[in-house]
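Working notes, structure below.
What follows draws every value from the coordinates through simple rules; no lab data is involved. All values derive from a computational prediction rather than experimental measurement. All Cβ positions, even for glycine, are placed from backbone atoms using ideal geometry, and neighbour counts span all protein chains on display.
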Amino acid sequence: AEPVRVAAVDLGATSGRVMACRVGARTLHLEELHRFGNGAVPVQGSLYWDVLGIHREVLVGIREVARTGRLHGIGIDSWAVDYGLIDRDGRLVANPRSHRDSRTDGVPARVRKAVPDAELYGVTGLQQLPFNTIYQLVSELGTPALEAAERMLLLPDLLTYWLTGEVGAERTNASTTGLYDVRTGEWSQELAERTGLPLSLLPPVREPGAVVGPVVAEVAEYVGLHDVPVISVGSHDTASAVVGVPAGEESFAYISSGTWSLVGLELGSPVLTAEARKADFTNETGVDGTIRFLKNVMGLWVLSECLRTWADRRLRDVTLPALLAGAADSPALRSVVDINDPQLLAPGDMPARIQDLAREAGEPVPRTPVAITRTILDSLALAYRRNVRLAASLAGRDLDVVHVVGGGAQNALLCQLTADALELPVLAGPAEAAALGNGLVQARALRQLEGSADLPDLAAMRALIRRTHDVRRYEPTGGLDWDAAASRVG
Ligand code: LFR
């Protein structure tokens, strides 16, 4: 079969990318054709996404893919949880908020009164993150915006709606809302009722791999191509990234390392035990009915927010490469903190918060940007160690390797620390796993449309990634007392 060429749109909280992805039986090639910065915009004490700006950048990127070759399909993935509301005329009601907005402060406690945590977990299987869609929506109860709303569209679904005019809720992302029943694969009518949210807000669920429809005329005109199908992919970026993990036969854990670090396992069915709930592990739905059993770890967000703070202060020499080089030459495990402390969730003066956490924990306070960077990386490695081990023990697995995908796979120091902390080999890359997972699912959908009988499963997609992409191996080295460091962060 001829290779197909699709536009894989992968939106992260700090940058968005539009790639041309060429997929054939033995070829898989990504070309980044458009990249743009992204970030929440604070206005009047709220944190908004500039969603129209994102839509415009997505269009620019798609046009670039079309301009440079054939274009057989378009698929969008982004971070999870956040949404836009549309009214009965199909218009956006208000600017979507970021999950780092403080509007959900205190909301989980309110929801707990209507639905105790254990019950909620039994239905959704989700980690208690204060920003889960259910809490964001409950925070909007009684507001004019929610009253005017006809539908809630998760961000990739909103952008897909603007491209096609079709509403829906892609399954992998729907599973992150806290309103989706992980046992039945449907919206939970019961949870909607008990929290006072109208079930009609939630659009019909659609499958990753479904063809949503051709682009509407206004988009076709802009891009210069008619009849291009938009294809539903694992629209939760983590779902696409895990498709893009180049795992073979081995028993593996993964770390999808971007703004967040998602640390866990791929399973065949959810783990809804009391132990999993107490350990606060999530069960998100993946492509092809898999379950991502994982923990959200604060991730490189903490470092990127430090960089932003230092750049605002016009500190010189605080480029990322300089900081990482300095950190690699700094003493290990001198000062470690709980990198998952909720105080690190909201944007702000992150260097000061890291110093405060160190002080409160009785650790030496890191004083320089390099020392703070080292504290963040050591602390991340400790969190990876703790949560990979927890995941394995909760799911009853022995592990051979840890795959690191996403931008963090390019951070050699962090990959080495991860191997050391876990005493397991780390296989790092590809950095663009989410875009690959997005493109591979589109390519399979297109082949299915053509009536091909021989469709790749996840293992075959991963084998293709291994054949076409370099993966860097980090062997664990000894010499550091990770156990002692782990006991310092509690
Ligand atoms: C990663 C991610 C995580 C989700 C968080 C918030 O980009 O999608 O999986 O928990 O962002 O949406």
* Structure fact -> Semi-axes in Å, largest first, for the range 86-245 (Cα gyration tensor, √(5λ)) are 29, 19, 13
* Just rank Leu380, Leu202, Leu436, fewest to most, by other beta-carbon atoms within 10 angstrom. => Leu202, Leu380, Leu436
* So what's the projected area for the chain, the Cα convex hull averaged over all directions, in nm²? -> 22.0
* Asked: What is the order of Asp157, Asp237, Asp398, fewest Cβ neighbours within 10 Å to most?
  -> Asp398, Asp157, Asp237
* Structure fact -> Loop-resident GluC sites (Glu not before Pro) in the range 233-281 with no more than 11 other Cβ atoms inside 10 Å, DSSP not H/G/I/E/B, are Glu249, Glu250
* Give me the net charge of Pro208's neighbourhood, meaning all other residues with Cβ under 11 Å from the Cβ of Pro208; Lys, Arg count +1, Asp, Glu -1. => -1
* Structure fact -> Answer in debye to the nearest 20: the dipole magnitude of the chain about its Cα centre, from +1 Lys/Arg and -1 Asp/Glu charges placed on Cβ, is 660
* Asked: Quick one: what do you get for the range 249-349 if you divide its Cα Rg by 2.2 N^0.38 Å?
  -> 1.37
* Structure fact -> If Lys295, Lys278, Lys113 are placed from fewest to most neighbouring beta carbons inside 10 Å, the sequence is Lys113, Lys278, Lys295
* Could you tell me, in Å, what Rg and Dmax come out for the Cα atoms of the range 1-116? => 18.3, 57
* Structure fact -> With the label point 7 Å along the Cα-to-beta-carbon line of Ala412 and a cut-off under 17 Å to each amide N, the hits in the range 453-490 are 470-477
* Asked: How many nm is it between the label spots at Arg397 and Asp312, if each spot is 7 Å from the Cα in line with the beta carbon?
  -> 3.9
* From the C-alpha gyration tensor of the range 347-490, pull out the three semi-axes of the equivalent ellipsoid (sqrt of 5λ each), sorted largest to smallest, in whole Å. => 37, 18, 14
* Structure fact -> Asserting the computed 222 nm helical MRE of the chain (DSSP H runs at least 4 long, -39500 (n - 2.57) per run, divided by residue count, to nearest 500) equals -11500 deg cm²/dmol
* Would you compute, for the Cα atoms of the range 302-388, the largest minus smallest coordinate along each principal axis and list the three values in descending order, in whole Å? => 34, 29, 25
* Which GluC sites (Glu not before Pro) from the range 406-490 combine a DSSP loop assignment with at most 14 other Cβ atoms within 10 Å? -> Glu423, Glu450
* Residue-span extension gain [Gln448 to Val365] - 0.36 nm each, minus C-alpha spacing -> 24.2 nm
* Would you mind pulling out the separation of the Cα centroids of the range 33-74 and the range 417-490, in Å? => 26
* At 7 Å along the Cα-to-beta-carbon direction for both Ala109 and Ala346, put a label point, then send me their distance in nm to one decimal. => 1.5
* Structure fact -> Over the range 412-481, the quotient of the Cα radius of gyration and 2.2 N^0.38 Å is 1.52
* What is the Cα centroid distance between the range 300-358 and the range 164-217, reported in whole angstrom? -> 37
* Between Ala25 and Asn95, what length in nm is gained on full extension when 0.36 nm per residue of separation is reduced by their alpha carbon distance? -> 21.0 nm
